[in-house]
Structures are given as C-alpha cells and as structure tokens.
1. Among the candidates 539, 572, 578, 526, single out the residue that is surrounded by 21 or more Cβ atoms within 10 Å (Cβ to Cβ), under 30 Å from residue 380 (Cβ atoms) and in contact with a Lys or Arg (Cβ under 8 Å, 6 or more places away or on another chain).
2. Are any residues in segment 373-398 in a helix (DSSP H, G or I), more than 16 Å from the ligand (Cβ to nearest atom) and buried (at least 17 other Cβ atoms within 10 Å of the Cβ), and if so, which ones?
3. Kindly check whether there is at least one residue in segment 475-487 that is outside any loop (DSSP other than H, G, I, E, B) and of a type in the set (S, T, N, Q).
4. Can you name every residue in segment 57-107 that is in contact (Cβ under 8 Å) with a residue 24 or more places away in the chain and among the charged types (D, E, K, R)?
5. Determine whether residue 254 is buried (at least 17 other Cβ atoms within 10 Å of the Cβ) and under 23 Å from residue 490 (Cβ atoms).
6. Just to verify a result, which residue in segment 553-565, among those that are under 23 Å from the mean Cα position of the chain (by Cα) and of a type in the set (A, V, I, L, M, F, W, C), is surrounded by the fewest Cβ atoms within 10 Å (Cβ to Cβ)?
7. Could you check, for segment 360-368, whether at least one of its residues is under 22 Å from the mean Cα position of the chain (by Cα) and within 21 Å of residue 462 (Cα to Cα)?
8. Can you give me the number of residues within segment 120-157 that are more than 20 Å from residue 235 (Cα to Cα) and touching a residue at least 60 places away in the same chain (Cβ under 8 Å)?
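The values are calculated or read from the model by the stated rules, or taken from the named source; none is laboratory data. Source: prediction; values computed, not measured. Cβ placement follows ideal geometry from the backbone for every residue including glycine, while neighbour counts extend to all protein chains displayed.
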Amino acid sequence: MRKGLGTLVRGLAKVILVVSAILLATVVFRGNSEDAPAQTADTILLHGKIITVDSHDSVAQALAIRDGKIIAVGSDAEIGKLGGGNTRTIDLHGRTATPGLIDAHCHFDETAALYDIDLNGVKRVAEVAELVREKVAQQKPGQWILGVGWDESKLAELRYLRSADLDGVSPQNPVWLTHTTGHYGVANSYALRLAKVTAATKDPPVGTIDHDAKGEPTGVLKETAMDLVVNLIPPPTKEQQRNGILKMMADFNKEGMTAAKDPGIEPDRWQLYRELLGENKFTVRIFALMNGGRTLESARAAVAYLQQEKKPPQSYGDGALLAGGIKLYMDGSGGGRTAWVYDPWLTEAKKPDASNTGYPNIEPAVYRQMVKLIHGAGIHVSTHAVGDRAIDWVVDSYVEALKGKPTKGLRHGIIHCNIPSDHAIDTMALLQKEYDAGYPEAQAPFLWWIGDTYAGTFGPKRGLRLEPFHTYVEKHIEWAGGSDFPVTPYPARYGLWASVVRKTANGIYGTQPFGTAESVDIQMALKSYTIWAAHALFLEERIGSLEAGKDADIAVWDQDPYAIPAEQLKDLNCKLTLLRGRVVFEAK
Ligand SMILES: [Zn+2]
C-alpha cells in the first residue's frame with residue numbers, strides 16, 4: 001500500500017507543539033490487577049489445547065495469568081492449584097488457544113471502510129458505476145466521491161476501470177477510486193479536469209498516466225501520478241480518523257489479533273495514537289513506522305522526529321505503542337507493473353509489457369544514503385521492495401550500512417519481499433545471523449487476494465518464486481506475516497491458510513499458479529504471525545508465545561489449527577481474545 005507523501009516537515013512543527021502539551025498519560029494499558037497473594041492467579045484457562053509457540057512448540061492444557069502476565073503454563077492439575085477465591089476460571093472446553101496473532105504490515109485504518117464506497121466485492125464494471133451513482137445521489141454537486149478496493153482480476157471484463165465508465169453517473173462530482181493495492185486508481189473526467197490532467201500532461205517522476213490508443217488519459221493514474229488527484233481530496237476529519245482506528249482495533253480483536261506494525265505514518269497519525277492511548281482506548285498494540293519520504297532531507301526530518309521519541313523496545317503504555325522506526329519505498333507494485341524487476345513485466349501471464357521493468361521509487365544512490373543515515377542514527381528502517389531488482393538493492397544497502405557501522409539488533413526489514421533472488425535470500429540469511437537484520441515482512445495473502453493479478457503480471461516462471469517461505473525455512477530465515485490491509489483483508493487466518501495452500505482467489509491462470517514447492521506447514525505459518533512477527537515489532541520479550549513471564553495476549557479458536565485440514569484454516573473462528581489478560585473480544 002502506498003500513501004501520499006504528505007508534509008512531514010510541516011506536520012513535524014505542529015506535532016512537536018502538541019506532543020509537548022500532551023500530559024504524560026497515565027499508564028492505562030493494564031490487565032486485571034486484583035490484590036491476590038503472590039502465587040495466586042487472577043485468571044486461569046483450563047481444559048484446552050494451548051499452542052504455546054515456545055521454542056519446542058509445546059502444547060499444554062492450561063495457563064495461569066496474574067496482573068496481565070502469564071505466570072504458568074502446564075497441565076490442568078498444575079494450573080488448577082494456582083486458583084484462589086477471586087480467581088476467574090475460563091473453561092476452554094477442549095478449544096485451542098494460540099498467542100494473539102500479529103500483523104507485521106497493516107495500514108491500520110478503516111476510515112475508508114466506514115465512509116467510502118467499498119469495491120472489494122464488485123464483479124462487473126457496471127456494478128462500480130451503480131455504486132458511484134448511489135453515492136452521488138447522497139452528495140452535493142462538487143463533493144468528492146471516493147471508493148476503495150477494486151481489482152481488475154476480479155472484474156468479469158478483466159480490465160482496468162476508466163473515466164468513461166464513471167462519467168455518465170457522476171457528471172457533477174469528482175470521483176477517485178483507489179485500486180486494492182493502493183498503487184493506482186481511476187479518476188473520472190471531472191476529477192481529471194480539476195487535476196488539470198490532459199493528453200499533454202507528462203508523467204511525473206516515479207509515476208504513470210495511462211493513455212488510450214488516441215493518446216487521451218484513460219483515468220488510471222499510477223504511483224506519484226495519483227498525487228495529481230489525491231492531493232485535491234480533503235482529508236478525513238479527525239473524528240472520522242479516530243473512528244477508523246477504533247473500528248480497526250475492534251475488528252482485529254474479533255479475529256484474535258492483538259498487535260500490528262503500521263507502516264509509513266505521518267506525525268499527525270502518531271499524535272492521534274498517543275491521544276487514543278491516553279484515553280485508554282488501545283486494544284491492539286501498535287508499532288508505527290514514520291514515512292521517510294524520498295529524499296535525504298525528508299529522511300533527516302524523520303530521524304530528527306524519532307530522536308525525540310523512545311526507541312524500541314521502549315514504548316508508551318507499557319508495550320502498547322512504539323515509535324518503531326522509518327519506512328522507505330524502493331519500488332512500486334507487482335499488480336500495477338511498476339515494481340523494479342530484472343525481466344520485463346507480463347500481461348495475461350504471457351505477453352511481455354513491452355520493455356517495462358518498472359522503476360525505483362527513490363533514486364537508488366540516494367536510497368543507499370538514506371539507509372546509512374537512518375541506520376547510523378540507531379533507528380530501525382523497513383523498506384517496501386516487491387521486485388527482485390529492488391530487493392537486491394535493499395539488502396545490499398543494508399549490508400553496506402551494517403559493514404560501515406555494525407550495530408546489531410536494528411532488525412531492518414524488507415516489506416513484501418515478493419520475489420527475492422538467490423542472492424537476496426543468501427544475503428538475508430547472513431544479515432539475520434550476523435546482525436539481527438534483514439527480515440522479510442511478507443504477505444502470504446497476496447498469493448490469494450491479488451493472486452490472479454499477480455499470476456498475470458509475474459507470469460508462470462517468476463510466479464514460482466513468489467513469497468518463497470519453504471526456502472526461507474531451509475535457509476533458517478525468519479519472516480513476519482502481514483496483510484498489507486487494505487490491500488488484502490486483515491484477518492490473519494487468511495495468511496495462515498495462504499502460506500500453506502498458495503491458491504488464488506479466482507484461478508484465472510490455474511488455481512495454484514505459484515505451485516506448492518514454497519508452501520510451509522501450519523506450524524511455520526503460525527510462527528510468522530506470532531513469535532517472528534513479535535520480533536519484527538521488537539516485542540518478542542513480551543508477546544508472540546505463551547510462556548511464563550510474557551503478557552497474556554491470547555486468542556481462543558473454535559478449531560485446532562494444528563489438527564484441521566489446511567483448507568479449513570481460513571475459516572477459523574475466534575471465540576475469545578485476551579489482551580494482557582483482559583477480555584477484549586468474546587463471541588456471543
Ligand atoms: Zn503497505
């Protein structure tokens with residue numbers, strides 16, 4: 001997901017003021033704390049299957065919690081003894097508990113889901129037009145009509161949307177419909193006029209304006225070209241943004257999810273998180289990455305901003321909110337054929353897209369300097385890199401920075417890391433071993449949700465290399481799982497399933513065009529959404545496994561993910577979610 005670059009520097013000055021005004025919020029992120037004697041649990045979970053994801057992947061029957069922390073894991077008999085008069089007993093009735101699931105890459109915001117047109121389910125171009133027509137009827141002329149989630153591979157017509165599809169139903173309103181990847185979208189003619197996009201408009205740097213055979217803009221704008229339109233759209237109000245975050249937290253909890261890494265935010269979003277934490281509204285832990293922009297100057301501004309913050313694993317709210325580091329973009333999208341690759345992109349899984357090999361999002365030499373600057377400041381950096389060429393450049397940049405200054409433990413990440421070359425894989429293995437850095441933050445659900453688009457653009461040969469989890473296991477590479485919501489649906493159960501079965505949503509180029517050689521078993525998939533993801537959030541001392549001394553972030557499921565057929569993993573149903581021992585979701 002790509003977001004507009006925004007105005008980091010302007011936001012900075014504003015936020016410094018506000019942050020200094022924010023009182024040191026009382027620590028509100030606490031579990032139950034009854035005054036029980038030292039060995040007594042305040043909560044015990046009995047008669048279950050506790051998948052601990054500890055180093056032996058042990059499974060226990062029961063677990064005891066005190067003051068939000070796990071004090072013991074063991075048999076029903078052992079844990080039963082830790083109960084006292086005030087202990088709350090949760091009978092699992094044989095159900096399975098896992099650590100709360102963690103999303104290592106999620107644009108943590110459902111504002112668009114609340115207020116814009118949801119295009120995730122649409123199957124025909126005419127349905128899009130109908131939804132736009134309905135929305136227009138509720139708005140005044142001139143007001144923006146926004147939608148999110150379309151994907152050409154889910155449309156019967158198997159083509160991009162065009163201005164012409166929308167103009168008839170929105171003659172007096174500007175329309176902007178974002179593609180599910182967030183790397184492109186379509187504007188109607190009214191919006192193109194506002195943005196002054198004509199046949200004569202040149203592509204901006206790192207952007208593409210699509211044209212038809214006559215040279216007219218089709219309405220599709222990619223990467224920075226989107227900014228021509230997007231910069232004209234009034235941002236959601238603060239109230240709407242608050243609602244968007246709170247909905248996301250509640251929806252995460254319904255899916256047994258308790259933590260997220262939110263990439264590429266601006267200072268105003270960080271400030272909003274601080275406010276919500278101060279109001280005791282947090283039910284999901286957030287590790288935020290600030291947007292580092294595209295220049296050395298913007299990277300410097302982000303570094304300066306983070307220098308005033310606690311560095312992870314230090315946190316606000318005792319493990320609730322972390323000023324994690326900085327996000328950079330090396331390239332674009334695999335769906336939009338803008339990611340930086342060695343061999344040309346394809347269309348329909350076979351036709352070369354001329355000589356298009358995508359492009360870097362940041363001047364490569366500048367990127368390398370930005371990494372050195374951020375790493376040199378002792379700050380974690382995670383870089384969006386989809387194409388093999390981009391990934392090579394990113395891992396080589398990490399090596400160079402680490403050789404220059406061998407600070408271990410900054411855990412620099414490779415976001416998406418779709419088709420790493422053999423060189424990149426070996427380099428990640430080395431970086432992890434030598435420096436505790438070089439971790440893929442991968443999206444198994446890409447294989448599913450946008451898998452048909454990917455099968456068309458990557459093609460049959462490259463597709464086999466997509467998200468090579470099995471190779472990672474063989475090379476002792478740890479990765480962190482994530483949804484990249486809103487690019488794919490956020491429930492982590494989809495990622496668990498996709499890591500194992502590698503099936504696309506609609507099977508346009510075959511059900512499993514990426515093969516199954518790179519599948520992993522559910523045990524490995526679960527690690528990528530628990531303990532390995534916790535490590536990517538610098539929180540592995542607190543969460544990611546169910547062991548004495550850790551925080552009681554726990555999800556209880558209707559089925560045992562270790563026992564059911566792989567196909568059923570995506571239908572796992574969460575029954576209960578605890579965050580630090582406190583119930584944040586309970587199925588009715
Ligand atoms: Zn993203």
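1. So the residue among 539, 572, 578, 526 that is surrounded by 21 or more Cβ atoms within 10 Å (Cβ to Cβ), under 30 Å from residue 380 (Cβ atoms) and in contact with a Lys or Arg (Cβ under 8 Å, 6 or more places away or on another chain) is 539.
2. Listed by number, the residues that qualify are 373, 374, 375, 388, 389, 392, 393, 395, 397, 398.
3. Filtering segment 475-487 for residues outside any loop (DSSP other than H, G, I, E, B) gives 480-481.
Pick out the ones that are also of a type in the set (S, T, N, Q) and you get none.
No, because not a single residue in segment 475-487 is outside any loop (DSSP other than H, G, I, E, B) and of a type in the set (S, T, N, Q).
4. Correct list: 57, 66, 67, 69, 76, 88, 91, 95, 103.
5. Numbers: buried (at least 17 other Cβ atoms within 10 Å of the Cβ): no; under 23 Å from residue 490 (Cβ atoms): yes.
No; evaluated as a whole, the condition is false for this residue.
6. Taking segment 553-565 and keeping what is under 23 Å from the mean Cα position of the chain (by Cα), we get 553-557, 561.
From what's left, of a type in the set (A, V, I, L, M, F, W, C): 554-557.
Details: 554: 28, 555: 26, 556: 23, 557: 21.
Result: 557.
7. Yes.
8. 5
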